[in-house]
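Q: Let me begin by handing over the structure; questions about it come next.
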Amino acid sequence: MIPVSLLVFVMAGWCAVYLADTLLRSSVTHRISYESWLASRGLMLSPFHLRWQTTMFNRLFAYCARINPRALYLWFNSGLMFGIVAMVGSVVLLIKTLQQTFAQMTTDNPRIGGQPFISENSAWSGRKSSFWSLMRFQVPGVNLPTSQLAYFFIALLLSGIIHELGHAVAALREQVRVNGFGMFVFVVYPGAFVDLFTTHLNLISPAQQLRIFCAGVWHNFVLCVAALAFLFLLPLFLFPMYSTGGGALVTEVVQGSAADGPRGLSVGDIVTGLEDCPVRGVEDWTSCLSHLSHTPQTGYCVPVASLQPSWAHGRGACLVSAPRKAPSKHANYIFTAISFTRVANSSCGESDVCLPATNSGFNYHFIN
């Protein structure tokens, strides 16, 4: 959840800004100069909303709208077709998201729709292997950590600027006047907008209007494709300083879990295998967990007195380790994390407990 201190800070900041604005507007000596200063800089202020508008980018938009008219015609027609398809896909995505949200609210099972995943509260986080898990809404404080809010809002602002650039260029190409471009902040949400001349917009044909309306989401899609291409080509750009396929990086370890403790895993370790399943990345990690969860495991008869369970998520867990060689900076270990429940009528003795275990052996090495 979003920290209360952050909410208090945001609310106090907006209250201070609104109080100062009210005092200046009600002042006899400063009202005219204050309102003139706001108007000269294109600023508009209202409760929890700050907006800035300018015409300095109009020439840039007009220049872009004159580049290769034939190519722009094909470009925005492609955006029109994409927008129609995306509209249908967004409805399906909304329905699927509502189903997943309802399922998560009504069950404690972390597997929704039969797809294994690594949740934000698990020891390791990574990309979901399911398409629908990847195509999900990001809600700050709910499924987006507060530590990533800065990246989230920067990405929102950048995508908003590219979105409005598409609208502006498409509008000028269809002979619709652009009055200006601006940005705004609503509470903490940043965004951008273009002010189009409504009379011109109402005079053009529906197909021309659709090309303008679909240009924004079309440019966002192109930005997403470009960002993904850059992400996947990043190892090539940074070679040989950067490499992939060496394992799954541990970014978080839940306190009290089977992997926690002085002989467990630490943030920064790289998991290279789960039992006999090699792990070269997050996708392998997910597939290995899925494979192990469907593989019959061996139970263990362990003396009750020797167990010192660590309770995580309502289940007992103990950690058994066996080093392959003397500890060193790059020593390889096998750690067996055993999550268990008591089983009645087992073949163990009276002083023992039968642990039907899920055996997850972690082969990992340390990094600097």
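Q: Restricting to the range 146-175, what's the tally of residues that are open to solvent by less than 50 Å² (accessible area, probe 1.4 Å) and in a loop (DSSP other than H, G, I, E, B)?
A: 1
Q: Can you tell me how many residues in the range 63-108 are without any contact (Cβ under 8 Å) to a residue 40 or more places away in the chain, of a type in the set (A, V, I, L, M) and out of contact with any strand residue (DSSP E or B) (no Cβ under 9 Å at 6 or more places or on another chain)?
A: Number satisfying all stated conditions: 13.
Yes or no, residue by residue, for (1) touching a Lys or Arg at 6+ places or on another chain (Cβ under 6 Å); (2) open to solvent by 90 Å² or more (accessible area, probe 1.4 Å); (3) assigned to a helix (DSSP H, G or I):
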position	(1), (2), (3)
ASP21	no, no, yes
VAL28	no, yes, no
LEU38	no, no, yes
LEU45	no, no, no
TRP52	no, no, no
ALA62	no, no, yes
LEU80	yes, no, yes
ALA86	no, no, yes
VAL92	no, no, yes
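Q: Tally up the residues in the range 268-282 that are surrounded by fewer than 14 Cβ atoms within 10 Å (Cβ to Cβ) and either under 22 Å from LEU231 (Cα atoms) or modelled with pLDDT of 85 or more (or both), please.
A: 2
Q: If you take the residues of the range 246-267 that are surrounded by fewer than 17 Cβ atoms within 10 Å (Cβ to Cβ) and among the charged types (D, E, K, R), which of them is nearest to SER147 (Cα to Cα)?
A: Among them, the one singled out is GLU252.
Q: Oh, and also: In the range 21-62, what count of residues is obtained for those that are touching a residue at least 12 places away in the same chain (Cβ under 8 Å) and in contact with a strand residue (DSSP E or B) (Cβ under 7 Å, 6 or more places away or on another chain)?
A: 13
Q: Could you tell me which numbered condition ASN58 fails, if it satisfies all but one of (1) under 22 Å from HIS167 (Cβ atoms); (2) at pLDDT below 90?
A: (2)
Q: Pick out the one residue from LEU223, LEU210 that is within 24 Å of LEU157 (Cβ to Cβ), out of contact with any Phe, Trp or Tyr (no Cβ under 9 Å at 6 or more places or on another chain) and open to solvent by 50 Å² or more (accessible area, probe 1.4 Å).
A: LEU223
The values are calculated or read from the model by the stated rules, or taken from the named source; none is laboratory data. In this text the structure is predicted, and so the values were computed from the model without any measurement. Note that each Cβ is placed from the backbone with ideal geometry, even for glycine, and that neighbours are counted across all protein chains shown. For accessibility, only protein heavy atoms count, side chains too; no ligands or nucleic acids. Shrake-Rupley method; radii C 1.70, N 1.55, O 1.52, S 1.80 Å.
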